[in-house]
Amino acid sequence: MKFITATNFTGKKAWDAQDITNVEGASVRLHWTDEPYIWHTNDGREVFVVLAGKVDMFFRDNAGAEHKQAMQAGDICFAENGDEHVAHPIGPAHILVIEKAGSI
């Protein structure tokens, strides 16, 4: 058994990650960040869980309109293949991401 206290992990730079495991081709990673990620389009499904801190998740709908969903600790976002989005933390945040191994 392995136990991890998410808030004990702090990266040296934004979006540093601690690999937790790989489950049937899906990576499970703990991220620390205090800066936005980059706009990207998923090439598979993604589960994004805010463990500590706050994150504004920006996403575009099929018509290209931009939306924002405020997330806090305990909130979960599920993104489908092809969903375009970017996460903007509000201060430091700890995030669990489960996605196809090698995804951006």
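The values are calculated or read from the model by the stated rules, or taken from the named source; none is laboratory data. Model, not experiment: these values are computed from the prediction. Counting neighbours? That spans all protein chains shown, and the Cβs are built from the backbone with ideal geometry, glycine included.
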Worksheet item: Quick one: Val50 ticks every box in (1) within 12 Å of the chain's Cα centre (by Cα); (2) over 25 Å from Phe3 (Cβ atoms); (3) hydrophobic (A, V, I, L, M, F, W, C); (4) surrounded by 12 or more Cβ atoms within 10 Å (Cβ to Cβ) bar one, so which box is it?
Response: (2)
Item to complete: Within the stretch 74-104, count every residue that is modelled with pLDDT under 95 and in contact with a helix residue (DSSP H, G or I) (Cβ under 9 Å, 6 or more places away or on another chain).
Response: 0
Worksheet item: Restricting the search to the stretch 1-23, which residues are among the small types (Gly, Ala, Ser), modelled with pLDDT of 95 or more and in a loop (DSSP other than H, G, I, E, B)?
Response: Ala14
Worksheet, complete the sentence: Listed by first then second residue, the pairs whose first member lies in the stretch 32-50 and is in contact (Cβ under 8 Å) with a residue 60 or more places away in the chain, whose partner is small (Gly, Ala, Ser) and in a strand (DSSP E or B), with beta carbons under 7 Å and at least 6 positions apart or on separate chains, are Thr33/Ala93; Asn42/Ala79
Practice prompt. Could you check how many residues of the stretch 79-104 are over 16 Å from Pro36 (Cβ atoms), part of a loop (DSSP other than H, G, I, E, B) and β-branched (Val, Ile, Thr)?
Written response: 0
Worksheet item: Restricting attention to the stretch 54-75, does a residue exist that is buried (at least 17 other Cβ atoms within 10 Å of the Cβ), in contact with a Leu (Cβ under 7 Å, 6 or more places away or on another chain) and closer than 17 Å to Ser103 by Cβ?
Response: no
Item to complete: Give just the number: which of (1) surrounded by fewer than 19 Cβ atoms within 10 Å (Cβ to Cβ); (2) touching a residue at least 60 places away in the same chain (Cβ under 8 Å) does Glu84 not satisfy?
Response: (2)
Item to complete: Filter the stretch 1-47 for residues that are farther than 15 Å from Ala79 by Cβ, among the aromatic types (Phe, Trp, Tyr) and surrounded by 15 or more Cβ atoms within 10 Å (Cβ to Cβ) and give the result.
Response: Phe9, Trp15, Trp32
Worksheet item: Within the stretch 33-43, is even one residue closer than 22 Å to Lys2 by Cβ and of a type in the set (Phe, Trp, Tyr)?
Response: no
